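First the structure, in the form of structure tokens, and then the observations on it.
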Amino acid sequence: MSGVAFGIFRARTFTISSFRCCGEILKGQSPPLMNRPTLLCVDDDPGIRELYAAMLGTYEYEVLVTEGGHQALDLFRSKVKEIDAVISDYEMPGMNGAQLAAELKSYDPDIPVIVISGSLPILEQTPYFVDAAVPKGTSVEKIVDNIEALLEARRAGHASAGLSRKMPPD
């Protein structure tokens, strides 16, 4: 044996260098919070907010949820350095997802913003400041792939150019 171990956990591959972290997860402990990206998830439906928290939490994200655009802006302004990406429903009372994206970009032009909608015309006409438009019903794995691509582009200092703004449904 070459001394390198691989394991698959929650659709992630770990090398021997991350074995300690994986072992902590298997024991029911979370990895250190400082290494977990923070997502702000915005939806007026409480069931969807719970789904975001539960499902994205299993991918080791720190998940903050709010019920609308104005609440999301308040939270974002207070934690602008901590939030790594935003996922928002498009159709919400008071402020839609595109309006929220425009406001968020005024505070941090590089914040990745993903908008989710059940309306094909909305998905096809998303403004340039929305980094990705995702149809409702898209698998969590595909959403996570999009989040990771946007976060990687941000870490590399690139805008989301080259990423598909619109993800096909499953």
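Readers should treat all values here as calculations from the given coordinates under stated rules, not as data from a laboratory. What you are looking at is a predicted structure, and each value in this text was computed from that prediction instead of being measured. So basically every Cβ, Gly included, is an ideal-geometry build from the backbone, and we count neighbours across all protein chains shown.
Summary table below
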quantity	calculated
Peptides 140-152, 46-58, 86-98, 107-119 ordered by average Cβ neighbours within 10 Å, highest first	86-98, 107-119, 140-152, 46-58
Percent of Cα-Cα distances greater than 17 Å, calculated over the stretch 83-123	27
Proximal aspartates and glutamates relative to Lys79, as straight alpha-carbon distance under 18 Å, when same-chain residues fewer than 8 apart are discounted	Glu62, Glu67, Glu103, Asp108, Asp110
The stretch 34-137 - Rg over Rh from alpha carbon coordinates, Kirkwood radius	0.93
Cut-off 15 Å between beta-carbons: net charge of the residues surrounding Asp43, Lys and Arg +1, Asp and Glu -1	-4
